[in-house]
Amino acid sequence: MLSDELTPSLEDIDLVNIGNDCELNVEVTSLKNIKLRYWGGNPGPVSGMPRFATDLKSFSSYKLCMNSISFESDSLKELSFRCSEVLQTVVTWAPNLEKLLMMNCSLEFVIIYTWHPSLHEELPDSHAPSSFLMNISNCSLSKAVMFKLNRNPRILFANNEEFNPSYSNIYLDNDYSSADNY
């Protein structure tokens with residue numbers, strides 16, 4: 001168990017080869033950078049980390065074996081998912097996002113909110129959501145999803161020469177409450 005009481009200054013965490021037998025619980029609000037590689041254990045601790053890390057700046061994963069993950073942070077700059085074949089859903093509210101890298105993933109849903117019921121109030125009135133670089137190399141995405149992505153003014157695509165259309169849905173949603181309505 002890692003908590004604010006036990007590790008009040010913990011900003012970076014790098015976890016490698018966490019298996020099914022490991023019982024890990026990270027509830028640290030000071031986390032700024034999370035790296036996970038070869039996560040095959042219980043998804044609960046991983047899905048909880050971004051919720052507690054309210055000032056999270058980056059999340060990076062390789063071989064993340066969980067179905068879905070969500071992020072809500074004004075400070076979030078970079079999300080990276082590589083070779084996470086099991087990952088089906090990514091949900092984020094990150095008005096200052098700079099990079100969204102989803103390489104070699106089989107995503108069904110990507111939900112990028114433009115509004116949040118409480119966190120949007122912490123932004124200055126003049127704040128405009130940032131544009132961000134998106135790399136979806138070797139992801140399974142349909143032509144309809146690509147059409148939606150291409151129409152989003154925030155997204156700048158990396159040099160993705162080939163797409164593998166199969167199945168996927170990407171929602172660029174103003175209504176935060178619709179996350180429960182897939």
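Just so it is clear, none of the values below were taken in a lab; they were calculated from the coordinates. In this text the structure is predicted, and so the values were computed from the model without any measurement. Quick reminder, even Gly has a Cβ in these numbers, built from the backbone with ideal geometry, and neighbours come from all protein chains shown.
Return the subset of Lys99/Lys143; Lys77/Lys143; Lys77/Lys99 for which the Cα-Cα distance in this structure is over 18 Å, preserving the input order.
Details: Lys99/Lys143 22 Å; Lys77/Lys143 27 Å; Lys77/Lys99 6 Å.
Beyond 18 Å between Cα atoms: Lys99/Lys143; Lys77/Lys143.
Assuming a ≥ b ≥ c are the square roots of the Cα gyration tensor eigenvalues, decide whether segment 22-116 counts as rounded (a/c under 1.5), prolate (otherwise, with a/b larger than b/c) or oblate. All intermediate terms of the calculation are to be shown ahead of the outcome.
Values: a/c = 1.64, a/b = 1.09, b/c = 1.50.
Because a/c hits 1.5 or more and a/b fails to exceed b/c, segment 22-116 counts as oblate.
What ³J(HN,Hα) values, in whole Hz, does the Karplus curve 6.51 cos²θ - 1.76 cosθ + 1.60 give for segment 127-140 when θ = phi - 60°, with x put for Gly and Pro?
After applying 6.51 cos²θ - 1.76 cosθ + 1.60, I find 5, 10, x, 6, 7, 9, 7, 10, 10, 10, 4, 6, 9, 8 Hz.
Can you compute 3J(HN,Hα) from phi for each residue in segment 98-115, using the Karplus curve 6.51 cos²θ - 1.76 cosθ + 1.60 with θ = phi - 60°, rounded to whole Hz and x for Gly and Pro?
Result, rounded to whole Hz: 10, 9, 10, 10, 10, 10, 6, 10, 10, 7, 9, 9, 10, 10, 10, 7, 9, 8.
Quick one: which residues, 5+ away or cross-chain, put their amide H under 5 Å from the amide H of Phe81? H built at 1.01 Å from N.
Amide H neighbours of Phe81, under 5 Å, 5+ apart: Ser61, Leu101, Met102, Met103.
Could you derive backbone 3J(HN,Hα) for segment 74-84 from the dihedral phi with the Karplus parameters 6.51, -1.76 and 1.60 (θ = phi - 60°), listing whole Hz in sequence and x where the residue is Gly or Pro?
5, 8, 4, 10, 9, 10, 9, 10, 10, 6, 9
Quick one: putting +1 on the C-beta of Lys and Arg, -1 on the C-beta of Asp and Glu, what dipole do you get for segment 8-63 around its Cα centre, in Debye to the nearest 20?
On the way: 6 positive and 7 negative charges, 52 e Å.
Roughly 240 debye, rounded to the nearest 20.
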